[in-house]
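Inspection log for the structure reproduced underneath, given as structure tokens.
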């Protein structure tokens, strides 16, 4: 990596990366203007990117372009979707907020259906299938651990819920013991997730330090030494 053989765009990108990295790492010594400026720039860039993606992949193809085409079916669909979107703007004022309640109800219903469908088809069925497949692969120990973890975890959430009718003492005691076993599995799972996040963050930090060292060694030092 040499500044002489690099294009202006690549050199500008490296300088910006070096500047933003130093600004973010300056938070080590405390909150300061450089850190706040870098975070504001990152948030603004992310918001701008999300706005551009929304404009070119949602608003223009779903709301604007169908009006320019001759398809009557697409225009009717767009109008039926545009009306609830406009009604959502009525939530801005307390006087007209009731007009936006049907649109909110539709959004909540769709969100609840998506959440339930995701929980069933994305968690319960795959977890059950994975447990069955492990038993079929002649790996009894792993299959037993996975089965016990899945069962006790589900029992823990059932035990945590408020009971409308009092259970028998024996059943309640067994449910409590199994629930504590499920709690242990949940704790181990969260610990593994935290370890994964920590390792990923540490890897990113090492990569940034390596970038700074490479930048100084191959660009800054040669320029200073002539």
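Some notes on this structure:
- Matching residues in region 199-226 - criterion: being in contact (Cβ under 8 Å) with a residue 40 or more places away in the chain and either within 37 Å of the chain's Cα centre (by Cα) or assigned by TED's automatic domain parsing to the domain that holds residue 26 (or both): 208, 211, 212, 214, 215, 218, 219
- Among the candidates 12, 80, the residue that is part of a helix (DSSP H, G or I) and exposed (fewer than 10 other Cβ atoms within 10 Å of the Cβ) is uniquely 80.
- Residue in region 96-105 that is surrounded by fewer than 12 Cβ atoms within 10 Å (Cβ to Cβ), outside any helix (DSSP H, G or I) and either modelled with pLDDT of 80 or more or touching a helix residue (DSSP H, G or I) at 6+ places or on another chain (Cβ under 8 Å) (or both) present: no
- Entry remark, region 202-217: residues being surrounded by 14 or more Cβ atoms within 10 Å (Cβ to Cβ) and either over 17 Å from residue 23 (Cβ atoms) or touching a strand residue (DSSP E or B) at 6+ places or on another chain (Cβ under 8 Å) (or both) number 0 in total.
- Checked against the criterion of being within 20 Å of residue 107 (Cα to Cα), in the same structural domain as residue 22 (by TED's automatic domain parsing) and free of Cβ contacts under 8 Å to residues at least 60 places away in the same chain, region 38-56 has at least one qualifying residue.
The values are calculated or read from the model by the stated rules, or taken from the named source; none is laboratory data. Just so you know, these numbers come straight off a predicted model, no measurement behind them. Because the Cβ atoms are built from the backbone with ideal geometry, glycine has one as well, and the counts that use them run over all protein chains shown.
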